[in-house]
Amino acid sequence: MNEIQQDAYPHNTKNRIKYNSADKDILDTGILSGLEIESGKHLLVKTSVGFLQNLMILDYRDRTDEGNIYVIYASREECESNAAAIKERYENTIAICNDCGNREAFDSSFVQAAKDIQHGKRKNIILTTYKTVCNVIPIFSDDAGSAMTIRKGEKLNIRKLSSFLTESGYCEVPFLQNGGDFSLFGEVVCAFPVFSANPIRIYLDFDEIEKIAYYDLQTDENIAETEEYSFAKIDTLHSNNAAFASIFAENDSFVFVGMEKLLTLKAQMKGIIDSDNFEKWFENNDNSVKCEFYEMSDDTGAKPIDGVREAEPFVSFKVFCEKLNSLLKFDYKVRILTNSIIQMERIKALLNIKDNDNLRFEESEINKGFYLEKYKIAFFSANDIFNKKERANVFSSLQTQPIMDFMSLRPGDFVVHSQNGIGRFIGFDKIEMLGRERDYIKIEYSDKEFFYVPLERANEVEKYIGSEKIKLDKLHSNSWSKKKKKAMENAMLFADNLLKINARRKMSNGFCHMKDTQWQLIFEEGFENEETPDQLQAIEDVKRDMERPIPMDRIICGDVGFGKTEVAFRACFKAIMSGRQVCFISPTTILTSQHFNNFKKRCADFPIRIEELSRIKKKSEATKIIERLGNGTADIVFATHRALHKDVKFKNLGLLVVDEEQRFGVKDKETIRDMKANVDTLTLTATPIPRTLYMSLLKLRDVSLLSTPPKQRVAIETVIRRYDEDVETQAIEYELKRGGQVFYLHNDTSDIRAVRNRISNTFPNAKADFIHGKMRSIEIENSIYNFANGWTDILVSTTIIENGIDVPNANTLIVDDATIYGTSQLYQIKGRVGRSSRKAIAYLFYPQKKNVNPTAIARLKVISENKSLGSGFNIAMNDLALRGAGNILSKEQSGHIAEVGFETYMHLLDLCIKSLESGKDADGINVDEEFNVYINIPYSAYVPDTYIGETAVKFILYKQLANAKSEGEIAGILSRIENRYGKLPAPLVELYRINLIKIICKEKRISEISESDDKNVLSLRYAKVKDMKISAVLELVKRKSGKIMLNNSRPNEVLLDCRNENDKIGCLIETLRML
């Protein structure tokens, strides 16, 4: 938003409130000037125009010299929805909410806010709820010993800090995940205080604090620095509590929003909370002013502000245009407020009009319009124009891991070396070479032989994925090259088949869908969230594909709740606008109904015939739907696999959308494949099946990846443990106390009713229900409807809930036996919770008495390790590793994958595809065509154990550096490492320089660098003479006469004399850049 200068509004100079242009339009009318509110008064506010509430609160802050202003809302949702807008204008704004009043349920944001209120300046605007102020709050004492404060520039005894944190209830862990964790990494201390929204890093220079920084747990990037930090003891949060009212001061003021009668509200709470402390405090300090904008009854004594009227949503865009023209005709000033530039440009395009004196477009968070009739000003939001609910908060980008990081390597794991075959990873060995110590990757082969891989060639080592029956290869034999040759021949046949399928698709006569229409823009404005950058890119990709004459075959891969469906909906609408039919297939009746209802709601203003086809439809009704699809009177059908039956025909099918393709059976997949032949196809998936995944990676199918979560979305906490009924009871009790709902997964229909009854007996005041696939469709729908609307507190279910149930208020998941599910399935089930800003918890239990399969435990471990938002790709890769690759392709490929490993086979397949595309046959392929650089000079490069001790982390770092393609990529990797672990040690800097040499050598086609016998001259050998840039070399020989020479006996070799150089490697890098 555009910020107005400080003198634009008189109050700005007093308390540094930053008003924007939309604010100024209202303030310039003088609408708030008649309130005459004095400091220390308490306001009772009633208006549904939330934006005016916020302006009045800010204006009140500006008129009040001292004390905090507590803005008390009736609900948490209302509090949080206004927090961002107020904080944007007034920096000292704090939002503090606690759902259940349970001291054990204090979350980090609540505790941090409590601390800020007690220790910060007392000129805050504090946004909270009535329920919160009627409960307890942690009290932060200034007593010696209750906290430990650290400051930049001061000395720090790490042992003392570690002891304090341990004694204070913190837990030392390898990597931070939750509040209360801390880690020690050499000269960096990482800690996640329970009362902080973000963890912190303390950087040391020996024993002096060099820097203190907050960082983002998801991206691992530092986000802000601070001069000092105080660690409070965790246990004091649960022992040192007092009534919220105890922190109020005499000069504090209160604004009650929509709560003109406190006792009425208290009665509505039905005694759930004890509000006596707060009520008594308020009665003793009751010095209230009632201030309302409109709709006040005559007996209140309040003075309403004249001429404020809320804007009603417009029935259609056409009606809005008529209203706009009418207002402009009568000299109204109209302000159209949008959440983003993209939204603004859309509306401008629809209106085909530019800004002028009376009509302005402004970026603003206002989601509800209103009229100031006395001043002839009208404000309209996009929500009013397109008759929709308030847009959700904007999205923030989430950095995702590269695919190579998804499977870290640990000692004992099987690996594949590109030249020597399958071996066992032992670890890292320090070996002295040319008088210098360096790390090597140690791999064991058959007959207890070992091979050592230099770190700069770590890219030659991959984790083995293939068969559970693994046989180590033998060094110095031709068995590995034979296996690779056979695998390559098989890959060539397979590649030829794949390319023919792909070529047939590209040669097919597809349908060119028309460019976006005005209706398309109106439909897209009906989306209730702001599009993420990933979504916008995916939508652009899909539209570009659809407007080409080649049938589209694109995958939209994104985590649960990341916006895949919206991309598909826009494609559906585009196809319908082009006069084509759409078939949207989902694996379950529930998911089909959800998509049907959501799309129907979005298309309410458009003449589109939408059908739903599944097993819940009566035969007579299904027959009529199929008839309409056949004669073209139905535009789109949302269906289960019922749409794949032979009796379903389409008159002019133009788009096929498949949601979660991996959930369909083999026969259904074959039918889907046949339908794809000449039709645009869009596949939606959160956890790609391996076949889909590798085809995407090989670019045989186009893929769009959505990796951006909602800004307020929080990663789900996962608890894995043996089943414990007490823990289960506590989990359900916690969720119910904070007003939430619970999913309970029990995948056995024979006793699911008994499980529901047991839970009902434990929680008699809660409503529990159950569903499973054998129930009648109407019963399932009713149960889900009740749960989605909050009328059921606990839903016991089979895996029928895996797809399609979206209940933001359900934030606890209990799986009573998680060992019976696959990794991808567990991940999908876990996605039923965590669909709001509230912290969600998933309890994955395994049986107490049952001997658990190690593979099942490994699956649970994968789920536990992939906690971050957007982990779908990680899960798919790990699932592939656990199950082996033997069943992802046909029988013809599975044996070869077992022989050489998944990564090697994929590499060979990639080579074959490239070879066939260039017209070569199998004989023209060099399976070892990777250009290698051999560096035989003295250097000492490794990651010291004192810097990074975990083998798995070291291997990932070595792989990243060895795979880097540019100097900038290497610098970025080391920057992230330095952020996490502190100042880079000399051996790691040396490794950086060696990998930099390798990158430059690859670019220049220099295959080997070695040292002469007298150790004064370095030899730079090109792969071939033709690779040398002769003119550049001769120019350098001339400029550096005596230092750089050509080797007369080897025309492809340049000699570098380093006898007077203190830094040989630095001299080498400088020379390589000049060649």
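The values are calculated or read from the model by the stated rules, or taken from the named source; none is laboratory data. All values derive from a computational prediction rather than experimental measurement. Virtual Cβ from ideal backbone geometry, glycine too; neighbours counted across all protein chains shown.
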Among (1) within 17 Å of the chain's Cα centre (by Cα); (2) within 15 Å of Val719 (Cβ to Cβ), the one test that Arg835 misses
(2)
Ile366 meets each of (1) part of a helix (DSSP H, G or I); (2) at pLDDT 70 or above with one exception, condition (1)
Pairs, first assigned by TED's automatic domain parsing to the domain that holds Phe743 and closer than 18 Å to Thr799 by Cβ in region 753-773, second basic (Lys, Arg) and surrounded by fewer than 17 Cβ atoms within 10 Å (Cβ to Cβ), C-beta under 8 Å, six or more apart
Phe770/Arg753
When the residues of region 153-180 are filtered to those that are without any contact (Cβ under 8 Å) to a residue 12 or more places away in the chain and under 24 Å from the mean Cα position of the chain (by Cα), which remaining residue is nearest to Thr219 (Cα to Cα)?
Phe175
Does Leu1056 qualify as being in contact with a helix residue (DSSP H, G or I) (Cβ under 6 Å, 6 or more places away or on another chain) and either among the hydrophobic types (A, V, I, L, M, F, W, C) or on the phi < 0 side of the Ramachandran plot (or both)?
yes
Qualifying residues in region 785-797 (those that are modelled with pLDDT of 85 or more and in a helix (DSSP H, G or I)) - the one surrounded by the most Cβ atoms within 10 Å (Cβ to Cβ):
Phe787
Taking the condition under 22 Å from Gln520 (Cβ atoms), under 34 Å from the mean Cα position of the chain (by Cα), at pLDDT below 90 and acidic (Asp, Glu), does Asp680 pass?
no
Out of (1) surrounded by fewer than 24 Cβ atoms within 10 Å (Cβ to Cβ); (2) at pLDDT below 90, what's the single condition that is false for Ile608?
(2)
So which pairs qualify, if the first residue must be in region 520-539 and under 21 Å from Ile366 (Cβ atoms), the second must be crowded, with 19+ Cβ neighbours inside 10 Å and among the acidic types (Asp, Glu), the Cβ gap must be under 6 Å, and the two must be at least 6 apart or on different chains?
Phe527/Glu566
How many of the residues in region 973-1014 are farther than 30 Å from Ser183 by Cβ and among the charged types (D, E, K, R)?
9
Please verify whether region 761-778 includes one or more residues that are surrounded by 17 or more Cβ atoms within 10 Å (Cβ to Cβ), of a type in the set (S, T, N, Q) and out of contact with any Gly (no Cβ under 6 Å at 6 or more places or on another chain).
no
Residue in region 331-363 that is farthest from Asp605 (Cα to Cα), counting only those that are among the hydroxyl-bearing types (Ser, Thr, Tyr) and modelled with pLDDT under 85:
Ser340
Looking only at region 505-554, count every residue that is farther than 20 Å from Asp702 by Cβ, buried (at least 16 other Cβ atoms within 10 Å of the Cβ) and of a type in the set (Val, Ile, Thr) and tell me the total.
1
Suppose the filter is assigned by TED's automatic domain parsing to the domain that holds Val542, touching a residue at least 60 places away in the same chain (Cβ under 8 Å) and surrounded by fewer than 20 Cβ atoms within 10 Å (Cβ to Cβ); does Asn631 pass it?
no
In region 457-497, the residues that are part of a helix (DSSP H, G or I) and either surrounded by fewer than 17 Cβ atoms within 10 Å (Cβ to Cβ) or among the acidic types (Asp, Glu) (or both):
Glu460, Ser479, Ser481, Lys482, Lys485, Lys486, Glu489, Leu493, Asp496, Asn497
